[in-house]
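This is the structure, below, for whatever I ask next.
Where a number appears in this text, it was derived from the coordinates with a stated rule and is not lab data. Note that the structure is predicted; figures quoted are calculated from it, not measured. Note that each Cβ is placed from the backbone with ideal geometry, even for glycine, and that neighbours are counted across all protein chains shown.
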Amino acid sequence: MKFGVIVFPGSNCDEDLYYVLKHHMQQEVVKLWHKDRDLQNCDFIFLPGGFSYGDYLRSGAIARFSPIMENVFNHAEKGGFVMGICNGFQILTEAHLLPGALLHNDNRKFICKNVFLKAEHNHSLITSKLDLQKAYQIPIAHGEGRFYADNNTLQELNANGQILFRYCDAQGNVSEASNANGSLQNIAGVCNKSKNVFGMMPHPERAADTLLSNTDGRALFQSIIEMVEA
Amino acid sequence: MKFIAEIEVMPKKEILDPQGKAVKLGLANLGINEVVDVRIGRHITLTIEAVNESEAKAQTAKACEKLLANLIMESFQFKISAA
Amino acid sequence: MIDNTITTLETAKKLGLLEEEFEKIKIILGRIPNFTELSIFSVMWSEHCSYKNSITWLKKLPKDSPRMLAKAGEENAGLVDIGDGLACSFKIESHNHPSALEPYQGAATGVGGINRDIFTMGARPIALLNSLRFGNLKLDKTKWLIKGVVKGIGDYGNAFGIPTVGGEVYFDDCYNVNPLVNAFSAGIVAIGKTASATSYGVGNPVFIVGSATGKDGIHGAAFASKDISEDSVNDLPAVQVGDPFQEKLLLEATLEIIGKGSVIGIQDMGAAGIICSTSEMSAKGEHGMDIWLDKVPTRQANMKPFEILLSESQERMLIVVEKGKEKEIQAIFDKWDLNCAQIGVVTDTKRLHFYMNNELAADVPAIDLVLGGGAPVYQREYTEPAYYKEFKKFDLNSIDTTQDYKAIASFLLKQPNIASKRWIYEQYDSMVGTANTNTNSPSDASIVNVKGTDKSIVITVDCNSRYVNADPEEGCAIAVAEAARNIVCSGGEPVAITNCLNFGNPYNPEVYWQFVGAIKGMKKACEKFSTPVTGGNVSFYNQSSYEGPVFPTPTIGMLGLMDDPTNRMTMNFKKEGDLIYLIGESKNDISSSEYLYGYLGIKASTSPFFDLDKEFDVQNTVAEIIKKKLIASAHDISEGGLFVTLAESAMASKLGFEITTDKNFRKDAYLFGEAQSRVVVSISAEMQTEFEKILQDRNTPFSKLGSVVACDFIIDGEKFSNTNESALAYNNVLHELLEQ
């Protein structure tokens, strides 16, 4: 399994993600420059967090037209895996590879803190090995992360099992009070209908190192690796 | 009487507009290379209850000066029409 | 020469120059300067660039240590050897006046400026801190300022992608008009891969890179310019806008070109723009430059030579590379979609020749513009202000000993100076870079891992300006001591400092007395802790005609090191039943405490008890018991006294404490006094014998306070409150004050 992490101008979690994949998960991983078109035979493409193009106009709106995105579309269309974290998720919704949109947080502020997540089911690559009873502590850091979709889309997402994560409290209760940013139905992560394109606002790569006293995020990477190798 | 105020708030021309600059790069990625400059502002519409147009104008100007525009770095202009 | 203006003393004065300075310029040039040249001298001889009113005192500060790789003032930031072939570059800088005018952009560009100082050294920034001072939080103006400043710091730092890992915020009426915004950055570079702010090698090309140049920050000069028209006044941006996206690209491109090894010298452009970089680099490298101003990419049309030279537009760098490497630098900056224009060449004249369309616009000797060269140096007068003696008269016995201790305790936890700064720090990305180890285990100082090593830098910013106002010398020594104490309590070893000296008008002898006192205090404390000064920034004129000067605020940014990660120490209690000890001496002292000043409303008292030798002993003892793995937590006593320290250690783990006070002391002083050199530690019961023996052997004063309990705060058998209630109040005060 070969991972690729795309570097857009303004990406700033590319190195963190690369570091976790390479040093903590012991995977083959390369960085891909946004102006190149070659995906270097990567099986799994990550769009990292950050502020691509300064997040000007709308988060992710400009990066979506970077040269490399054409082949990201092709890769996804052929069933290849693509995942966006934070700004990467915003780019994928702007590119319509994922449903919905990410609006300004309900408190109109950037929020950086630990939150808890609950996996919705085990029927996706990312959540396949997760404990559905566990509240995973994963940090968020974003100003525009409030998931929004119209009613029909929401119903479809629920019906198709496209919702991956919801914000919850430390005990695993999904409630208004545990909603980190005002997202509809506490949605923190989704996938496309064919379950090969994923997006989430929280940062699992920030919870994967014993030095940081929190390794809850490793389970997500572990899910990907174990499933593919199996 | 009801009036509509169509307000345009723009960064002052001498002030750097980072957003406009980044959007220009994005347009180039789309193959639109002919764009020389991009500046991005806000369009705001107010519906105002006022006795006449000049009062509506005065209210709009006050709203722009006090809240809608930051006069240190933004300029505004507006048009008033009957609703 | 195209600028044939004959300048006069009147114009010189408008530009802020003194008569004697105008005379000196005429001697240097051997003629009367034209307007462009006069503008050049006015900015280069300003306090900001020349330190003319402060340098004689700054020179008295200790600067040497075997770890120093660059002397203070010689480079854009300090450079300290941290072992294993790595160095840490760090610095703090103020952006007070721009933030007072437009808090969002003022603070944002402050963050931008300090980071350029770090990466122009070749170092990649890994952590940011900030030190903020605002006025009374009940005022609408203060709310506007704090919201703008916090959003500005957040938006810039978050997008730039470097974590803001800590800081300090204080509120006092003295900052109602003039807030202080001090930003600190630290970066890491391999020794031998650093860049220098120099220029040499005749024929080497000079490049300007990054943003285009606009008429930013040239008001003083523009209004002194005689031929300025109404229209051109309207062209002057009142605010400089920061672009963190541009800065991020500039960071990557700059580190890439420095990594190629063909850079001769590089300097960022902050205050005084192109003229500052060209003159400082040329003076240092003992060369000259021919610069063609018409080659500088500009954002506004028809800019005059003085406007291009003095512009403070953000996100720009001046780079001199080896001749023949023009294509290399061009390719790198093209890759990052940044401007990159050759604007001149290095010469052997030691003079700066500025041309506009092939005509000479200014001709000045580089060395005469800069600090340590021809820039003036002044000895300012100073006199002890009357208030100092008044403050010393404070008598503890004038304060009633029968107080409602529960009410004080509850008041203190909700005082904005003490309460949680969560409303602020949650707006900062504190985790990007995945090296901030404090997110899930808090310490008194911020511990940031140097990726790929076991090593961490341990950093903090500290200054209680109320103490400094009460007694500048003692107060500033306390600021240094507290910074060192925070680092020691986190398991680090103090290494060096950077300072940001925020004072009032230096021409006021009473303000200058505060400045001199602070320097004396800093000197003795830095010598004691072996933490030399690597550089920093002086910000004078922080005062308003209505409110007088702000409290003298010499903010200390201290760098510490932790080579062994097992020494990491946290401030939160660990488990019920652990024993709580006080290391250091209790004192009958409430001077300048939040209790006396905030609760009782008594503003006139001296600085709290402080003894440098005792402080040093306490810190060495704490360092030893941490290394011996004897303690479970360590938290120093600062604002709010012992009670607040215990409450913070308890709330951080949702635990409680039960202690007994010492009847030999006034209970208010024991619980809420801010006497220095004290640390609260908790230990596992089985460590008690060994722990006490070491403290006895070392002869460090200590006392057993009590133990960690489940959830209540119990003092002398009386329940003061419980952890949940206290935490709710403590965590939400700022939110309630700012989100109404």
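Could you pull out every residue, at least 5 positions away or on a different chain, whose amide H is within less than 5 Å of the one on A:Gly145? Hs are placed 1.01 Å off N in the peptide plane, and Pro or chain starts have none.
A:Leu103, A:Asn105
On to the next question. Any number yet on Rg/Rh for the protein assembly as shown, C-alpha, Kirkwood?
Checking Rg against Rh, the ratio lands at 0.97.
Helix-derived [θ] at 222 nm for the protein assembly as shown: sum -39500 (n - 2.57) over DSSP H runs of at least 4, divide by residue count, nearest 500? Before the final figure, lay out the partial values.
Details: 32 runs with 328 residues, N = 1053.
My calculation for the protein assembly as shown gives -9000 deg cm²/dmol from helical runs alone.
Given the Cα atoms of chain C, and with Rh set as the inverse mean 1/r over their pairs in the Kirkwood sense, what is Rg to Rh to two decimals?
Working: Rg = 26.5 Å, Rh = 26.6 Å.
Checking Rg against Rh, the ratio lands at 0.99.
Summing +1 for each Lys or Arg and -1 for each Asp or Glu, what net charge is found among the other residues whose Cβ lies under 9 Å from the Cβ of A:Gly172?
+1
Calculate one ³J(HN,Hα) per residue across region C:552-569 by plugging θ = phi - 60° into the Karplus curve 6.51 cos²θ - 1.76 cosθ + 1.60, and present them in order as whole Hz with x for glycine and proline.
x, 10, x, 5, 9, x, 10, 9, x, 10, 9, 7, 9, x, 6, 7, 4, 10
Work out how much length C:Glu725 to C:Asn505 would gain on full extension: take 0.36 nm times their residue separation and subtract the Cα-Cα distance, in nm to one decimal.
Contour length minus the Cα-Cα distance gives 74.7 nm.
Search the structure for amide H atoms under 5 Å from the amide H of C:Ser721, placed 1.01 Å from N in the peptide plane, and list their residues when 5 or more places away or on another chain.
C:Phe713
Taking the Cβ of each residue in C:Val239, B:Val38 as the centre, tally the other Cβ atoms inside 10 Å and list the residues starting with the fewest.
Numbers: C:Val239 21, B:Val38 17.
By the 10 Å Cβ count, ascending, the order reads B:Val38, C:Val239.
Apply 1/(1 + (r/R0)^6) to the Cβ-Cβ distance of C:Lys335 and C:Tyr387, taking R0 = 56 Å, and write down the FRET efficiency to the nearest 0.05.
The pair C:Lys335/C:Tyr387 has a calculated efficiency of 0.45.
What net charge is computed for the residues neighbouring C:Phe184, neighbours being all others with C-beta under 13 Å from the C-beta of C:Phe184, Lys and Arg scored +1, Asp and Glu -1?
Value of the local net charge: -3.
Oh, and also: What is the Cα coordinate range of region A:120-173 on the first, second and third principal axes, sorted by size from largest, in whole angstrom?
Extents along the principal axes, in whole Å: 30, 29, 21.
I've got another one for you. Sum up the charges of everything whose Cβ sits under 11 Å from the Cβ of C:Gln676, counting Lys and Arg as +1 and Asp and Glu as -1, but leave C:Gln676 out.
Surrounding charge for C:Gln676 is -4.
Report, in degrees rounded to the nearest 10, the 0 to 90 angle that the Cα long axis of helix B:18-29 makes with the longest principal axis of chain B.
Around 50 degrees separate the two axes.
Additional query: If each Cα of region A:1-107 is one equal point scatterer, what is log10 of I(q)/I(0) from the Debye formula at q = 0.11, 0.15, 0.18 Å⁻¹?
-0.30, -0.56, -0.80
Please report how far the C-alpha centroid of region C:302-330 lies from that of region C:64-136, rounded to the nearest whole angstrom.
The two parts, judged by their Cα centres, are 22 Å apart.
Ok, one more. If each residue's Cβ is checked for other Cβ atoms within 10 Å, how do C:Glu307, B:Glu65 rank with the fewest at the top?
Fewest-to-most Cβ neighbours within 10 Å comes out as B:Glu65, C:Glu307.
With a cut-off of at most 14 other beta carbons within 10 Å, and DSSP calling the residue loop, which GluC sites (Glu not before Pro) in region C:1-101 qualify? Please list them. Could you put the intermediate results ahead of the total?
Numbers: sites: C:Glu10, C:Glu19, C:Glu20, C:Glu21, C:Glu23, C:Glu37, C:Glu47, C:Glu74, C:Glu75, C:Glu93; in loops: C:Glu74, C:Glu75.
Within region C:1-101, no GluC sites (Glu not before Pro) qualify (loop, at most 14 other Cβ atoms within 10 Å).
Hey, got the dipole for the protein assembly as shown? About the Cα centre, +1 on K and R Cβ, -1 on D and E Cβ, debye to the nearest 20?
Numbers: 101 positive and 130 negative charges, 132 e Å.
The calculation lands at about 640 debye.
Moving on to the next point. Using each residue's phi in region C:155-168, evaluate 6.51 cos²θ - 1.76 cosθ + 1.60 at θ = phi - 60° and report the 3J(HN,Hα) Karplus result to the nearest Hz, with x for Gly and Pro.
Each residue's phi maps through the Karplus curve to give 4, 6, x, 5, 6, 5, x, 10, x, 8, 9, x, x, 8 Hz.
Separate question: What area, in nm² and to one decimal, does the C-alpha convex hull of region A:81-230 cast on average over all directions?
Average of the hull's projected areas for region A:81-230 equals 8.4 nm².
Taking chain C as the reference, fit the longest principal axis to its C-alpha atoms, fit the long axis of helix C:723-738 to the helix C-alpha atoms, and give the angle between the two in degrees, 0 to 90, nearest 10.
Compared with the principal axis, the helix lies near 30 degrees.
Also: Want the number for A:Tyr148 to A:Val228: 0.36 nm per residue separation, take away the alpha-carbon distance, what's left?
Contour length minus Cα-Cα distance gives 25.7 nm.
Enumerate the amide H contacts of C:Gly374 below 5 Å, restricted to partners 5 or more residues apart or on another chain; note that Pro and chain-start residues carry no placed amide H.
Amide H neighbours of C:Gly374, under 5 Å, 5+ apart: C:Asp368, C:Leu369.
Here's something else I'd like to know. Just want to confirm a number: the relative contact order over chain C, from Cα pairs under 8 angstrom separated by 6+ residues, in percent.
Worked out over chain C, it gives 14 percent.
Would you work out the charge dipole size for region C:497-606 about its Cα centre, treating the Cβ of every Lys and Arg as +1 and the Cβ of every Asp and Glu as -1, and quote it to the nearest 20 debye?
Dipole size: approximately 160 debye.
I'd like the mean, over residues of A:110-116, of how many other protein chain beta carbons sit within 10 Å of each residue's own Cβ.
Values: counts 10, 3, 13, 6, 3, 0, 0.
Per residue, the average neighbour count from other chains is 5.
Take the alpha-carbon positions of region B:2-82, form their convex hull, and give its projected area averaged over all directions (one quarter of the hull surface) in nm².
Mean orientational projected area (region B:2-82, Cα hull): 6.3 nm².
Among the trypsin sites (Lys or Arg not before Pro) in region C:654-698, which ones are in a DSSP loop with at most 10 other Cβ atoms within 10 Å of the Cβ? Mind listing them?
Sparse-neighbourhood loop trypsin sites (Lys or Arg not before Pro): C:Lys663.
Which chymotrypsin sites (Phe, Trp or Tyr not before Pro) from region C:485-539 combine a DSSP loop assignment with at most 13 other Cβ atoms within 10 Å?
Answer in residue order: C:Tyr507.
Here's another thing I want to ask about it. Given Cα pairs under 8 Å that are at least 6 residues apart, what percent is the relative contact order of region A:2-229? Walk me through the intermediate numbers first.
Values: 531 pairs, mean separation 44.3, N = 228.
Once divided by the residue count of region A:2-229, the mean separation gives 19 percent.
Lysine pairs, Cα distance under 22 Å, 8 or more residues apart or cross-chain: how many in region A:2-229?
Lysine pairs satisfying the spacing and distance rule in region A:2-229 number 19.
What angle, in degrees between 0 and 90 and rounded to the nearest 10, separates the Cα long axis of helix C:472-489 from the longest principal axis of the Cα atoms of chain C?
It is inclined by approximately 70 degrees.
Give the residues of region C:27-53 whose amide nitrogen is closer than 11 Å to a point set 7 Å from the Cα of C:Tyr378 in the direction of its Cβ.
Only C:46-47, C:52-53 fall inside the zone, counting backbone N under 11 Å.
How much of the DSSP beta bridge set in chain C is antiparallel, as a percent to the nearest 5?
80
Something else now. Which of the residue pairs C:Lys63/C:Lys260; B:Lys66/C:Lys151; C:Lys284/C:Lys335; C:Lys392/C:Lys414 have a Cα-Cα distance greater than 22 Å in the structure shown?
The answer is C:Lys63/C:Lys260; C:Lys284/C:Lys335; C:Lys392/C:Lys414.
I would also like to ask the following. Taking θ = phi - 60°, what integer Hz values does the Karplus form 6.51 cos²θ - 1.76 cosθ + 1.60 yield along region C:277-289, in sequence order, with x for Gly and Pro?
Taking θ as phi minus 60°, the curve returns 5, 5, 6, 5, 5, 5, 4, 5, x, 6, 10, x, 8 Hz for region C:277-289.
Build a GNM of chain A with springs between Cα atoms under 10 Å: which of A:Tyr18, A:Tyr148, A:Tyr167 gets the top mean-square fluctuation?
A:Tyr148
Rounded to whole Å, give me the distance from the Cα center of region C:658-730 to that of region A:158-220.
41
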